[in-house]
Amino acid sequence: MLVLGVIFLVYILALFAGLPQKWTNSQSEHFQDEKAASVMGETGGNLADIAEAPENTGVANEDALAASADNASETAASVQAYEASVVDKELRCPPLWTALPFVTLLLCIAILPLLRATDHWWESNLNRFIVVAFLALSTIAYYAFFYQHRLDLHWPSHSLVSPDAGWFLKGSAVFVNAILGEYVSFIILLFALFSITGGIRIAGDWKASSLHNSIILAAGAIMASFVGTTGAAMLLIRFLLETNKHRKHKTHTVIFFIFCVCNVGGCLLPTGDPPLFLGYLRGVKFLWTLNLWKEWFFVCGTLIVLYYLLDTFYYYPKEFPLDRTVEKFKIKQAKISGLYPNLFCLLGVILAVMLLDPTQEFLSLFGVKTGWYPPMFLREIVQLLMVFLSFALGSETVRKLNEFNFGAIIEVAVLFFGIFICMQAPLQILDAKGADIVAQVNKYGSKLKLNEAKEFFWMSGSLSSVLDNAPTYLVFYETAKSASEGKLQKAREENDLETVAKIEAELQEGLDETGEAIPVQLLVAVSLGSVFMGAMTYIGNGPNFMVKACAEQAGVKMPTFFGYMGYSIGFLLPILIAMTIIFL
């Protein structure tokens with residue numbers, strides 16, 4: 001509480017000094033300019049000029065030819081500017097080995113908890129921070145001492161850091177881009193959702209029937225998009241475990257809970273899962289993810305129906321007759337405590353994320369022109385204010401009954417601190433070389449192709465299964481943009497006007513629908529792959545391990561890493577294959 005008070009005081013003083021307002025003005029102006037430049041750079045001019053060009057009917061249209069000649073120099077200049085920017089990116093691209101700290105950190109997250117020699121050592125957040133700090137400093141040191149090109153500084157607005165600026169300024173630029181530019185917003189949202197839901201408790205003695213468990217899964221899948229997969233999982237897992245405490249066979253119930261609540265359920269809003277929130281920070285419209293409802297409904301619905309049938313006809317009949325008799329007389333009432341003030345605090349967090357984006361005009365989401373841009377970090381301050389109110393007005397007894405503590409969110413904060421810094425080099429490499437990487441994969445891969453939505457879904461999803469899905473999303477988000485950019489450049493070089501017009505139309509559609517100049521289907525594929533396939537392993541998404549830990553504390557025997565994969569491959573994977581066939 002004291003820390004929150006200090007943060008509020010510092011921000012109020014900054015407001016009086018005019019700093020957040022100044023940062024907002026510079027960022028919003030640059031954001032709008034960048035959007036326009038992105039469209040012009042990637043499309044080489046007005047998209048409609050080519051997309052709506054008249055077809056050749058065999059009769060020369062002299063007026064059209066004259067207009068085309070008049071615009072030729074302008075189009076050529078746009079293409080030259082675009083090609084110059086690509087060359088500049090490639091010249092400033094760091095070598096591939098600079099991605100080693102990022103890869104090493106992800107491997108540590110994936111492997112160290114599984115090894116007997118390091119599993120207990122890795123449980124300490126201090127030990128995690130030692131590893132994270134070393135790898136993060138390695139990335140910062142490269143840019144500070146060895147990088148000999150100008151650096152793009154993205155916070156509070158775009159500026160350039162000269163290669164002669166000195167090691168401190170160059171290292172600081174990387175740190176500021178990673179932490180102030182993205183990490184702060186990202187971790188405060190997770191912290192707010194985790195802290196507020198910790199003050200809500202659902203308790204009762206429901207009958208542990210297939211139907212009641214299915215209802216819990218469905219409620220969690222719906223809730224996950226609004227309060228986050230972490231918030232929904234922590235809110236419902238204790239109730240699920242308490243409901244099923246008398247059952248002998250309940251491991252499968254927890255696993256399907258991980259599928260539905262910890263992963264798949266969070267794809268409808270940026271507040272649902274970290275990858276989508278990172279996309280929102282990159283410029284994807286807040287409500288665009290609601291377009292994923294068909295895929296969400298298909299996968300969640302199929303999982304819940306499958307669970308119901310599996311539990312009804314296989315697991316429940318295997319329960320001891322005495323336990324089934326006891327279940328018949330259990331009280332079917334659930335009690336929710338702590339809704340005040342936490343329900344209103346959760347609503348406050350969601351509204352803050354929706355309405356207080358410093359790069360967007362206030363209420364522009366609803367088509368209202370206010371002319372006011374929220375000061376930078378006001379969104380985060382409001383979220384922290386909701387946390388403050390949750391603790392100040394909420395019940396301490398409820399939190400004790402929930403056994404609430406900050407251990408899990410501290411673990412996430414420590415790991416992502418390193419991830420956001422270490423991924424600066426890989427993201428820059430992908431931005432410059434993404435199109436070439438895709439071209440090489442397509443050239444030499446016998447079956448692996450990265451041209452269509454299905455391929456982006458399975459590639460982003462496969463990596464999200466074994467690595468963290470948030471940075472994986474960013475990697476393939478950038479790769480999808482670079483791939484489209486490279487295809488457009490190649491079509492221009494070959495003077496393939498039909499392909500140029502098609503790609504430009506796709507980019508314009510993406511800009512109109514999503515807010516980003518990226519083909520819509522590729523963004524759909526990357527979003528679904530990163531969110532859905534995080535459920536394939538324990539390490540695919542943070543809440544997976546948190547739920548596993550809660551279940552084991554409650555006496556549920558959870559499967560090993562590969563045992564869990566047996567469930568995900570057997571039950572989840574066929575559903576995802578069907579989804580790609582139907583929707584992608």
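The values are calculated or read from the model by the stated rules, or taken from the named source; none is laboratory data. The model shown is predicted, which means the values in this text are computed figures rather than measured ones. Backbone-built Cβ (ideal geometry, glycine too); neighbour counts: all protein chains shown. We work out accessible area using only protein heavy atoms, side chains counted, and drop any ligands, DNA or RNA first. Shrake-Rupley method; radii C 1.70, N 1.55, O 1.52, S 1.80 Å.
A few notes on this one:
- Which listed residue, of 269, 278, 287, is of a type in the set (A, V, I, L, M, F, W, C), surrounded by fewer than 24 Cβ atoms within 10 Å (Cβ to Cβ) and under 23 Å from residue 465 (Cα atoms): 278
- Residue in region 538-552 that is over 30 Å from residue 402 (Cβ atoms) and of a type outside the set (Gly, Ala, Ser) present: no
- The residue list 403, 396, 411, 361 contains one member that is modelled with pLDDT under 90 and over 30 Å from residue 283 (Cα atoms), which is 403.
- Restricting region 159-197 to residues that are closer than 20 Å to residue 386 by Cβ and among the β-branched types (Val, Ile, Thr), the residue that is surrounded by the most Cβ atoms within 10 Å (Cβ to Cβ): 196
- Applying the criterion of being in a helix (DSSP H, G or I) and in contact with a Leu (Cβ under 7 Å, 6 or more places away or on another chain) to the residues of region 193-212, the residue that is nearest to residue 236 (Cα to Cα) is 197.
- Restricting 468, 436 to those that are at pLDDT below 75, open to solvent by 20 Å² or more (accessible area, probe 1.4 Å), of a type in the set (Asp, Glu) and out of contact with any Phe, Trp or Tyr (no Cβ under 9 Å at 6 or more places or on another chain) reduces the list to 436.
- Residue check, residue 501 over 23 Å from the mean Cα position of the chain (by Cα), open to solvent by less than 10 Å² (accessible area, probe 1.4 Å) and touching a residue at least 12 places away in the same chain (Cβ under 8 Å): no
- Look at (1) modelled with pLDDT of 90 or more; (2) closer than 30 Å to residue 411 by Cα and you find that residue 103 fails only one, number (1).
- Enumeration of residues in region 526-584 that are acidic (Asp, Glu) and surrounded by 13 or more Cβ atoms within 10 Å (Cβ to Cβ): none
- Helices (runs of 4 or more DSSP H) (entirely within region 82-149) containing at least 2 residues that are closer than 21 Å to residue 176 by Cβ, touching a helix residue (DSSP H, G or I) at 6+ places or on another chain (Cβ under 9 Å) and open to solvent by less than 60 Å² (accessible area, probe 1.4 Å): 100-111, 125-141
- Residue count, region 285-312 (criterion: closer than 19 Å to residue 193 by Cβ and outside any helix (DSSP H, G or I)): 2
- The residue of region 335-349 that is farthest from residue 204 (Cα to Cα), among those that are surrounded by 23 or more Cβ atoms within 10 Å (Cβ to Cβ) and among the hydrophobic types (A, V, I, L, M, F, W, C), is 349.
- Single match in 524, 500 (criterion: over 22 Å from residue 462 (Cα atoms) and either of a type outside the set (Gly, Ala, Ser) or modelled with pLDDT of 95 or more (or both)): 500
- The listed residue being over 28 Å from residue 470 (Cβ atoms), open to solvent by 20 Å² or more (accessible area, probe 1.4 Å), in contact (Cβ under 8 Å) with a residue 60 or more places away in the chain and of a type in the set (A, V, I, L, M, F, W, C), out of 208, 218, 203: 203
- Scanning region 233-252 for residues that are surrounded by 24 or more Cβ atoms within 10 Å (Cβ to Cβ) and in contact (Cβ under 8 Å) with a residue 60 or more places away in the chain yields 233, 234, 237, 250.
For every residue, the table says whether it meets (1) without any contact (Cβ under 8 Å) to a residue 60 or more places away in the chain; (2) farther than 30 Å from residue 408 by Cα.
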site: 141; (1), (2): yes, no
site: 146; (1), (2): yes, yes
site: 158; (1), (2): no, yes
site: 170; (1), (2): yes, yes
site: 176; (1), (2): yes, no
site: 184; (1), (2): no, no
site: 190; (1), (2): no, no
site: 193; (1), (2): no, no
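- One residue from 251, 243 being within 21 Å of residue 539 (Cβ to Cβ) and either within 13 Å of the chain's Cα centre (by Cα) or among the polar types (S, T, N, Q) (or both): 251
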